[in-house]
Amino acid sequence: MLRDFDPEVANALRDEALRENEQIILIASENYVSEAVLHVQGSVMTNKYAEGYPEHRYYGGCENVDRVEQLAINRAKTIFGAEHVNVQPHSGTSANLAVYLTVLEPGDKILGMSLSHGGHLSHGAKVNVSGRLFESHSYGVSRETGRIDYDEVREMARTLHPKMIVAGASAYSRTIDFAVFQSIADEVGAYFMADIAHIAGLIAAGFHPNPTLHADFVTTTTHKTLRGPRGGMILCKAKFARDLDHTIFPGLQGGPLMHTIAGKAVALKEAMLPEFRDYQAQVIRNAQAMADELQARGYKIVSGGTDNHLMLVDLSGTGLTGDRAEKALDRAGITLNKNVIPFDTAPPTVTSGIRIGTPIITTRGMKEEDARRIVGFIDRVLLNIDSEEVIREVREEVGRLNKNFPVYTGRLAE
Ligand code: PLP
């Protein structure tokens, strides 16, 4: 028993299961996997070296891991309509890097969404390898609408002639028009990569346009709305298959994490069920209910609402910073993250916004009325940010709400 051998780690595991039960988690990039996915993540497949690809390995004894990797590939192909799939990237960032290294040379130009307007580090931020290896440029959202200005992207692409255009975001609440991105990439002769990390589950369920038809490469994490284990995945056109696979292994990685790939296979099977479609529909309904309720209570939402699983609340003018809000809410039992808003004047360690996402509360079974109730909790804390009494009261209410939506109950006693 782990508890006997290593009580320190056992206690941390139990406390994490407790935290995941007792807090309301609104971090847009997180989710709670099923017991089945948890099970295979902790399975014997963690023991196996399997450098290479199914049927072409550098190690013996790969007959079982070959089966799960092929299942994961086939399922992803079916769900997203992809010509080729690589399920081995260890993370979303390494998936993106693999795509760049497949078709670009160091110093080539890439054009992605600005980190400060909702893009991801790996889309060319200067502190990231993507911004260090390549000459990166970024587009943002319009100050008036909070939405991507596709005309501006086109103008930038015409002027810069990037070799790669990247669409996708970590903090953007509107539908992304991948067809327009493709037309821009085609016009300037650039490769087009769509990073669907945040919205992969919505796409799998048919609630967001699927870029697989348009893009040369589609990258994703598997652990956000897709609700699988922590990891990455790449879909691409058949013509890039060999080069991409070669970039991942032996280019960037050694042995794939076969227990995680098994988890990806299981999560992808779950993503094919009608229940998964219902889940994603509810994720969006919950997000819209929260955005409506926040606006009814006078909060500003960047772009005025949401089409997906998240929203950015603009706290400028309230006297609060994202950092202060995040810390007070956490004490009240509500975990979310501070986030820069477009054109933010506060530094990233402080920020003028918070990001709210609904994947986890929806996995727990919460519906619109619960989502609205949570907004009520948030509002009370933000209006009484210096009152430890209010924070304590809200924490008790959070506890009462969460009791109706237990998770990982078997793990609480471990
Ligand atoms: N791409 C996008 C759009 C993301 O939001 C993220 C993570 O939040 C990533 C890539 C990177 O994923 P990872 O943390 O697995 O490297």
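The values are calculated or read from the model by the stated rules, or taken from the named source; none is laboratory data. Note that the structure is a prediction, hence the values are computed from the model and not measured. Don't worry about glycine lacking a Cβ; one is built from the backbone with ideal geometry, like all the others, and counts go over all protein chains shown. The area values use the complete protein model at the heavy-atom level, side chains included, leaving out ligands, DNA and RNA. Shrake-Rupley method; radii C 1.70, N 1.55, O 1.52, S 1.80 Å.
Within the assembled protein chains, the solvent-accessible surface assigned to residue 243 is about 90 Å², based on a 1.4 Å probe.
Here the peptides 142-150, 99-107 are ranked by packing, the mean other Cβ count within 10 Å, and the order with the highest first is 99-107, 142-150.
Dipole of the chain computed with +1 at Lys/Arg Cβ and -1 at Asp/Glu Cβ about the Cα centre; of 141, 228, 347, farthest Cα towards the positive end is 228.
The calculated FRET efficiency for the pair residue 129 and residue 70, based on their C-beta separation and a Förster distance of 41 Å, comes to about 0.85. Using the Cβ of residue 268 as centre and a radius below 13 Å, the other residues enclosed give a net charge of +3, where K and R count +1 and D and E count -1.
Relative to the Cα centre, what is the charge dipole magnitude of the chain, using +1 at the beta carbon of each Lys and Arg, -1 at the beta carbon of each Asp and Glu, and rounding to the nearest 20 debye?
220 debye
When the chain is described by a simple charge dipole with +1 on each Lys and Arg Cβ and -1 on each Asp and Glu Cβ, the residue from 401, 255, 86 located farthest towards its positive end is 86. Candidate cross-link partners of residue 237 among the aspartates and glutamates, defined by an alpha-carbon separation under 17 Å and a same-chain spacing of 8 or more, comprise 83, 186, 195, 216, 245. Within the listed set 171, 197, 328, the residue fluctuating most in the Gaussian network model of the chain (springs between alpha-carbon atoms under 10 angstrom) is 328.
A Förster radius of 41 Å, combined with the Cβ-Cβ distance separating residue 387 from residue 9, puts the computed FRET efficiency at roughly 0.65. The charge dipole of segment 38-271, taken about the Cα centre with unit charges on the Cβ atoms of Lys, Arg (+1) and Asp, Glu (-1), comes to about 560 debye, rounded to the nearest 20.
Electrostatic tally near residue 63: other residues with Cβ closer than 12 Å to its Cβ, Lys and Arg +1, Asp and Glu -1, net 0.
Counting only Cβ charges, +1 for Lys and Arg and -1 for Asp and Glu, the dipole size of segment 1-143 around its Cα centre is about 500 debye. Largest to smallest in accessible area, the residues 345, 212 fall in the order 345, 212 (1.4 Å probe, all protein chains included). For residue 367, the lysines whose Cα comes closer than 28 Å to its Cα, not counting residues fewer than 8 places off in the same chain, are 224, 264, 269, 300, 327, 338, 403.
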